[in-house]
Amino acid sequence: MMSIATSTTPGQSAAGQANFARAGLANAAQANSHIASSVPRIAHKGLAPIHSKASANRKRLAKHAANRH
């Protein structure tokens, strides 16, 4: 940002703007990558209580069905 503000020629200003845009895109790409890698972990942790309850129900119902026969 400082290189844009202190530019003395249009060429310097354009180069500063290009560098600023590249840096912004790199940061956005890094943030997107971090988010994308976090989604499966978050989903797994969010589904863990549901999985636990469903597994317990499956075991309970299987035991109940075995006792009926």
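Here are a few things to note about the model shown:
- Any hit, the stretch 4-12, residues being assigned to a helix (DSSP H, G or I), among the hydroxyl-bearing types (Ser, Thr, Tyr) and surrounded by 10 or more Cβ atoms within 10 Å (Cβ to Cβ): no
- Residue check for ALA36: of a type in the set (Gly, Ala, Ser), surrounded by 10 or more Cβ atoms within 10 Å (Cβ to Cβ) and modelled with pLDDT of 85 or more: no
- Contact annotation: residue pairs with Cβ atoms under 9 Å, 6 or more positions apart or on different chains, pairing a residue in the stretch 15-30 that is closer than 13 Å to ALA5 by Cβ with a partner that is surrounded by fewer than 10 Cβ atoms within 10 Å (Cβ to Cβ), are GLY16/MET2; GLY16/ALA5.
The values are calculated or read from the model by the stated rules, or taken from the named source; none is laboratory data. If you're wondering where the values come from, they're calculated on a predicted model, not measured in any experiment. Backbone-built Cβ (ideal geometry, glycine too); neighbour counts: all protein chains shown.
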